[in-house]
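Contents: one structure, followed by commentary.
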2 protein chains.
Amino acid sequence: MIDRVSGVPAYRQVASDLRNKIQAGQYAAGDKLPSERQLIVDYGVSRITIREAIGLLRAEGIVTAEHGKGLYVRAGVSVVRLSRSRLSRAARQDNQAFFLGDAEANAFKPTVQTTVRIEEAGLEHADALGIEPGSPVLVRDRVMSADGVVVQLATSRLPRDLTEGTQIEQGDTGAGGIHARLEEAGVVLHHHRESVATRMPTAEEAVLLQLPPGVPVLAVRRTTYDTTGRAVEVNDMTLVGNRYELVYDIPAD
Amino acid sequence: MIDRVSGVPAYRQVASDLRNKIQAGQYAAGDKLPSERQLIVDYGVSRITIREAIGLLRAEGIVTAEHGKGLYVRAGVSVVRLSRSRLSRAARQDNQAFFLGDAEANAFKPTVQTTVRIEEAGLEHADALGIEPGSPVLVRDRVMSADGVVVQLATSRLPRDLTEGTQIEQGDTGAGGIHARLEEAGVVLHHHRESVATRMPTAEEAVLLQLPPGVPVLAVRRTTYDTTGRAVEVNDMTLVGNRYELVYDIPAD
DNA sequence: GAGTGGTCTAGACCACAAG
DNA sequence: TTGTGGTCTAGACCACTCA
């Protein structure tokens, strides 16, 4: 099974072979792969070599290992489409309410844990909000779960002078969320700018989001501007990569 | 250095320790880490254990290994911001021209390799284009490089009846690209819909994009619609995750 | 209890980079 | 030539799952 003279490392050959079998449907999503010990026999290589091959497939996100049970072809996860045009005033909702709306649309049980605090703006967030470093900033930290599984982290930052005395500083911001409260306070929202990047999770995120190896995250920073061009909110969101898809509509003219 | 009774695997302890030192600045971006043999001595564990620890850090994308040289803290890469509002008619450019424009803005030397072919629509693309499976589809495959490094793959698909006899079927689509040629042919573009997801690269993509381990990709599907609501182009793009950031503007109302 | 993956050891030889 | 990471072996014991 393994070509010893090709120059291709044995573990890569094993990985390729298993990958091909998975893609060919010989092992379907959710199927159990042969055990490590069986693979050792099948391919005639050592356990370390088999584990390196499996490690590749796990890093690619196509195989998962369950301790005491076996190796499985990762089942496709249901992807949630987030249509960002719903950020419009007509469908007013802050990210939390947004998340709750998604829950309804996608039939999962949502949970949101919120903590609110005030901090001094660091360089990065001061720059993003166009305020002086050290100015007071209201910070809303949210951990969002679907059916008990954490799927999204979000941290909103707003200049404190916009939020003082409003419901934004409460755990529950009320119907319509942060944006509705801002407009009630006389801030007229003009547009949002979302910046989307991807990376591997940090060690903490991997724990919080219960991420298996081989699953990247989407890092979205949404900055909301009012009609005077001032940034009134910066929302940093971390989404589990294999569960989300962001959809944007862009006019052609 | 290693706590043998904590229950935390040695390789995780080693990884955490190195990660902390990197984050604390003890090893800066681009710095060389101690060699594997040195780490064996430092932590008093076997080479396999050290290599598993390094493997974690490589999967996280914060360390790279260079054969024969050593281990290095991955240097930050310059990120290219792609503002998607530039898809407007006023700034007309297809993805290739778009890419060339970016090159100018970001001072890198662009190269684009294009292949054109005709295929029968599969289920997925037929659905995306709203045509019958098996209908002829024009496919434009592009491999885009910056300073010789492949940074983006793109595959456009258009119903053949829209492209027959136009410059879209040539390697070079001319000024303004695909979209300009479509409008010349009487197709009035209405809007684009971009769907953004992230995942680990496939084995082929990892080779093509010369991706080190631990770097995910952004998978963007842009569907372009005309004023009759018909999908006229589906463009599947794969972007190197640590080099791109996508920026979208969303009106508040 | 039997089988699974998780962790770990002490070696070995190879390919690559650099002085 | 020396030192580096890359690959590989033949074991060992552990923790977990399930019958």
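Counting protein heavy atoms only and a 1.4 angstrom probe, how many square angstrom of accessible surface do chains B and A bury in total, to the nearest 100? Display every interim value, and only then the final one.
Working: alone 13270 and 13270 Å², together 23390 Å².
Result for this pair: about 3200 Å² buried.
Out of the total accessible area of segment B:80-247 (probe 1.4 Å, heavy atoms of protein only), what percent is carbon and sulfur?
Reported share for carbon and sulfur atoms: 51 percent.
With labels modelled as points extended 7 Å from the Cα through the Cβ direction, what inter-label distance (nm, one decimal) is found for A:ALA175 paired with B:ASP3?
5.1
Taking only Cα atoms and a 10 Å spring cutoff, compute GNM fluctuations for chain B and point out the largest among B:ARG140, B:ARG157, B:ARG47.
Comparing B:ARG140, B:ARG157, B:ARG47 in the GNM, the peak value goes to B:ARG47.
With θ set to phi - 60° and the Karplus curve 6.51 cos²θ - 1.76 cosθ + 1.60, what are the ³J(HN,Hα) couplings of segment A:28-42 in order, to the nearest whole Hz, using x for Gly and Pro?
Once θ is set to phi - 60°, the couplings for segment A:28-42 become 8, 4, x, 5, 8, 8, x, 5, 4, 4, 5, 5, 4, 5, 4 Hz.
Could you work out the mean projected area of the convex hull around the alpha carbons of chain B, in square nanometres to one decimal?
Result: 18.2 nm².
Report, as an integer, the average count of C-beta atoms from other chains found within 10 Å of each Cβ along B:197-207. Write down the numbers at each step before the final one.
Numbers: counts 12, 16, 8, 12, 2, 4, 9, 0, 0, 1, 0.
Neighbouring Cβ atoms belonging to other protein chains average 6 per residue here.
Have a look at B:ALA65, B:ALA231, B:ALA203 and tell me which one the Gaussian network model of chain B (Cα, springs below 10 Å) gives the largest fluctuation.
B:ALA203
Could I have the simple spin-label model distance between A:THR115 and B:ARG230, label points 7 Å from Cα toward Cβ, reported in nm to one decimal?
5.6
Give the distance, in whole Å, between the Cα centre of segment B:181-197 and the Cα centre of segment A:124-162.
36
Give me the net charge of B:ILE62's neighbourhood, meaning all other residues with Cβ under 12 Å from the Cβ of B:ILE62; Lys, Arg count +1, Asp, Glu -1.
+3
Amide H to amide H under 5 Å from A:VAL80: which residues, 5+ apart in sequence or cross-chain, H placed 1.01 Å off N in plane?
Result for A:VAL80 returns A:TYR244, A:GLU245.
Net charge within 12 Å of A:ILE48 by Cβ-Cβ distance, Lys/Arg positive one each and Asp/Glu negative one each, not counting A:ILE48 itself?
Spelling it out: positives minus negatives among the neighbours equals +1.
Taking H placed 1.01 Å from N in the peptide plane, check which residues at least 5 places from A:HIS190 or on another chain put their amide H under 5 Å from its amide H.
When sequence neighbours closer than 5 places are left aside, the close amide H contacts are A:TYR225, A:ASP226, A:THR227.
Apply the Karplus curve 6.51 cos²θ - 1.76 cosθ + 1.60, θ = phi - 60°, to the phi angles in segment A:240-253 and return the couplings in whole Hz, x for Gly and Pro.
4, x, 8, 10, 10, 9, 9, 10, 10, 9, 10, x, 7, 9
Taking a label point 7 Å out from Cα toward Cβ, give me the nm distances from B:GLY165 to the same spot in the other copies, shortest first, one decimal.
With the label placed 7 Å along Cα→Cβ, B:GLY165 yields 7.0 nm.
What span do the alpha-carbon atoms of the protein assembly as shown cover on each of the three principal axes, reported in whole Å from largest to smallest?
65, 62, 46
Below 8 Å between Cα atoms, with a sequence gap of 6+, how large is the relative contact order for chain B in percent?
The normalised contact order for chain B reaches 18 percent.
Straight-line reach only, C-alpha to C-alpha below 23 angstrom: list the lysines that A:LYS32 could link to, leaving out same-chain residues fewer than 8 apart.
Filter leaves A:LYS21, A:LYS69.
Copy-to-copy spacing for B:GLN26, label 7 Å out on the Cα-to-C-beta vector, in nm, shortest first?
Nearest to farthest, the other copies are at 4.7 nm.
Taking the label point as lying 7 angstrom from Cα along the Cα-to-Cβ axis, what are the distances from B:ILE118 to the corresponding position in the remaining copies, in ascending order and in nanometres?
Nearest first, the other copies' label points are 7.0 nm away.
Can you work out ³J(HN,Hα) from phi for every residue in segment A:20-26, in order, using Karplus 6.51 cos²θ - 1.76 cosθ + 1.60 and θ = phi - 60°, giving whole Hz and x for Gly and Pro?
4, 4, 5, 5, 7, x, 5
Please list, ordered by chain and number, the residues whose modelled amide H lies under 5 Å from the amide H of B:VAL151; skip anything fewer than 5 residues away on the same chain.
Under 5 Å from the amide H of B:VAL151 lie the amide H atoms of B:MET144, B:SER145, B:ALA146, each far enough along the sequence or on another chain.
The values are calculated or read from the model by the stated rules, or taken from the named source; none is laboratory data. As the structure is a prediction and not an experimental result, all values here were calculated from the model. Because the Cβ atoms are built from the backbone with ideal geometry, glycine has one as well, and the counts that use them run over all protein chains shown. Accessible surface areas use protein heavy atoms only, side chains included; no ligands, DNA or RNA. Shrake-Rupley method; radii C 1.70, N 1.55, O 1.52, S 1.80 Å.
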